[in-house]
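K.L.:
I'd like to ask you about the structure that follows.
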C-alpha cells in the first residue's frame, strides 16, 4: 500500500516549549518520514509520510501536545502521495 502524506499546522503555545523535539521523537519512533519546523507566525508545521495507522498515532500525539505546550488548533490536510518521494528520515528543520 502506498504511503499516506499529511500536513499539520499546529496553533497554540507550541514554540519555545520543546514541541518540535516532541513531534520528532514521536514520528521517529513510528518510523515516519518527513519534517517539523516553526513558522514565522508562531505555529509549528509538520509533514509526515507513512502507514495510515502510524499517522493516526502521530495525529493523536500532536493533538495531545508535549509537556509545557498548549495545542489550541490543528489544521490537517492530506497531500498527494507523490510528496512522500521527497521525504527522508524525520527531521527538525531550522533547529540550529
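No value in this document is a laboratory result; all are computed from the given coordinates. Nothing here was measured: the structure is a model prediction, and the numbers come from that model.
K.L.:
Compute the acute angle (0 to 90°) between the alpha-carbon long axis of helix 52-64 and the principal axis of greatest extent of the alpha-carbon atoms of the chain; round to the nearest 10°.
P.N.:
Roughly 0 degrees, rounded to the nearest 10.
K.L.:
Between 40, 80, 51, where does the largest GNM mean-square fluctuation fall for the chain, given springs only between Cα atoms within less than 10 Å?
P.N.:
Most flexible of the set in this elastic network: 40.
K.L.:
So, one more: Using a Gaussian network model on the chain with a 10 Å cutoff between Cα atoms, which of 12, 50, 68 fluctuates the most?
P.N.:
68
K.L.:
For segment 4-85, what number results from the quotient of the Cα radius of gyration and 2.2 N^0.38 Å? The partial results should precede the final answer.
P.N.:
On the way: Rg = 11.6 Å, N = 82, 2.2 N^0.38 = 11.7 Å.
Cα-based Rg divided by the globular estimate yields 0.99.
K.L.:
For the chain, with a Gaussian network of springs between Cα atoms less than 10 Å apart, report the residue from 75, 47, 14 with the top mean-square fluctuation.
P.N.:
75
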